[in-house]
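Have a look at the structure below, then the notes.
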Amino acid sequence: MATCTRTVWKVFTGCQRQLRARGPAHTGVSQMSVPVRTFAAVRAMKKEKKKEEAEKEVKKEKRVIDDKDRHKPYGKTAWAPVDDVYVMRFYPRTIHGAADAIDLLKNFQVLDFTPKNQAVFIDLKLDMKLEKKKRVDQFVSVVHLPHPFRTTENKVLVFTEDEDQVREAQLHGAMLAGGAELIQPILDDEISADFYVAVPEILQKLVALKSKLRKKFPKSKRGSVGVDVPKMLDLFKTGHEYLVEDECYIRTQIATLDMNKHQIYENLKNIVSDVCSHDRLTRDRSSSVRSCRLRRVKRCGSGVKTFY
């Protein structure tokens with residue numbers, strides 16, 4: 001009996017040793033769930049890495065391109081001249097910011113010995129294209145400049161047949177106010193004004209002036225037709241008018257060169273903002289201004305001399 005017990009114990013001990021020797025197989029089975037946990041941890045790490053890379057890209061500064069070793073532009077000598085004196089057509093045009101351009105205009109005025117109060121003009125090129133081969137109509141707008149450069153107010157004529165509105169217009173600085181009796185003197189060039197405003201009730205009687213006044217004819221889109229006569233007078237007496245010409249260009253004076261840099265820049269910013277906020281442009285095009293150029297003009301007896 002003791003022998004049998006001893007034999008069974010030996011067999012049982014041998015089975016335990018075999019099970020221990022096969023331990024890696026059992027551990028392999030337990031490791032079947034390990035890859036899943038490891039894979040989940042790797043995915044989390046990848047997400048963290050992506051976030052870190054995205055933050056690095058945001059913080060990454062713009063790389064300054066060195067044009068020295070680059071291939072020269074087509075049809076040009078190089079990207080930038082080496083000397084201070086060079087032929088401009090051999091190199092790409094240098095683009096300056098608005099503030100730098102104003103400084104250059106002032107520096108050129110000193111070198112050219114030209115009048116300090118010469119006019120500063122802005123040339124804007126607009127993107128007037130719409131979808132399906134359509135184009136935005138040319139428009140005219142009047143805006144208040146934060147720093148006016150004109151010493152005299154604009155002459156404004158008011159068309160109205162209401163006596164109370166006539167007296168109100170005269171009190172607020174209208175050059176002339178009246179009804180249909182002013183049509184014939186305007187046709188005969190006896191009366192002329194910078195701007196013409198009218199109330200809606202008299203528009204039908206002013207049809208004869210359309211060919212004479214043309215772009216100055218009162219229109220609701222321009223803000224020259226309305227019921228509030230004092231508000232219209234306040235806009236057109238001190239307002240600055242600009243218009244789109246040649247299908248996509250705005251060429252208008254914004255200041256005089258004797259004004260300080262801040263005043264010229266504020267006037268420029270005000271006109272560009274007014275152009276971009278125009279409903280007919282921003283309705284279909286998010287960005288309307290394609291290019292901008294500043295220039296100064298000296299008016300002399302023989303004509304107009306332009307400096308860029």
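Overall, the anisotropy analysis places segment 130-217 in the oblate class: the square-rooted eigenvalues a ≥ b ≥ c of its C-alpha gyration tensor yield a/c not less than 1.5, with a/b not exceeding b/c.
Hey, got the dipole for segment 87-173? About the Cα centre, +1 on K and R Cβ, -1 on D and E Cβ, debye to the nearest 20? Let's see the in-between values first.
On the way: 13 positive and 13 negative charges, 174 e Å.
Computed about the Cα centre, the dipole is about 840 debye.
Computed 3J(HN,Hα) for segment 250-265, one whole-Hz value per residue from the Karplus formula 6.51 cos²θ - 1.76 cosθ + 1.60 where θ = phi - 60°, is 10, 10, 8, 7, 10, 5, 10, 5, 7, 6, 6, 4, 5, 5, 5, 5, glycine and proline marked x.
On average, how much accessible surface per residue is there in segment 149-241, in Å², for a 1.4 Å probe, leaving out ligands, DNA and RNA?
Details: 5360 Å² over 93 residues.
Spelled out: the 1.4 Å probe surface of segment 149-241, per residue, equals 58 Å².
A probe of 1.4 angstrom, applied to the heavy atoms of all protein chains, finds S277 with accessible area near 70 square angstrom. The simple spin-label model puts a point 7 Å past each Cα toward its Cβ; for L243 and I191 those points are separated by 2.1 nm. Between A255 and V120, the built amide H atoms are under 5 Å apart, and every one of these is 5 or more places off in sequence or on another chain. Rounded to the nearest Hz, the phi-derived 3J(HN,Hα) couplings of segment 87-97 under the Karplus curve 6.51 cos²θ - 1.76 cosθ + 1.60 (θ = phi - 60°) are 7, 5, 6, 8, 9, x, 5, 7, 9, 10, x, where x marks glycine and proline.
Under unit Cβ charges (Lys, Arg +1; Asp, Glu -1), what dipole magnitude, rounded to 20 debye, does segment 149-241 have relative to its Cα centre?
Details: 14 positive and 15 negative charges, 132 e Å.
In debye, rounded to 20, segment 149-241 gives about 640.
Gain on full extension, evaluated as 0.36 nm per residue between K210 and L171 minus their Cα-Cα distance, stands at 11.3 nm.
In segment 149-241, taking the dipole from charged Cβ atoms about the Cα centre, the farthest positive-side position among G239, L182, L203 is held by G239.
Ranked by the mean number of other Cβ atoms within 10 Å per residue, highest first, peptides 205-211, 142-148 order as 142-148, 205-211. Between the amide H of A177 and those of V158, distances stay under 5 Å, these residues lying 5 or more places away or on another chain, with hydrogens modeled in the peptide plane. When Rg and the Kirkwood radius Rh are both evaluated on Cα atoms of segment 201-274, their ratio Rg/Rh stands at 1.05.
Can you pull the percent of segment 149-241's accessible area that's carbon plus sulfur, 1.4 Å probe, other chains left in place? Intermediate results must be reported in sequence, preceding the final value.
Details: 2580 of 5360 Å².
Of the solvent-accessible surface of segment 149-241, carbon and sulfur hold 48 percent.
3J(HN,Hα) along segment 191-201: 10, 9, 9, 6, 9, 10, 10, 8, 8, x, 5 Hz, from the Karplus curve 6.51 cos²θ - 1.76 cosθ + 1.60 with θ = phi - 60°, whole Hz, x for Gly and Pro. Evaluated with a Cβ-only charge set (Lys, Arg +1; Asp, Glu -1), segment 138-178 carries a dipole of roughly 360 debye about its Cα centre, given to the nearest 20.
The values are calculated or read from the model by the stated rules, or taken from the named source; none is laboratory data. Predicted model only: the values in this text are computed from it and were never measured. Heads up, the Cβs are rebuilt from the backbone with ideal geometry, glycines too, and the neighbour counts pull from every protein chain shown. The accessibility values were calculated without ligands, DNA or RNA, using every heavy atom of the protein model including side chains. Shrake-Rupley method; radii C 1.70, N 1.55, O 1.52, S 1.80 Å.
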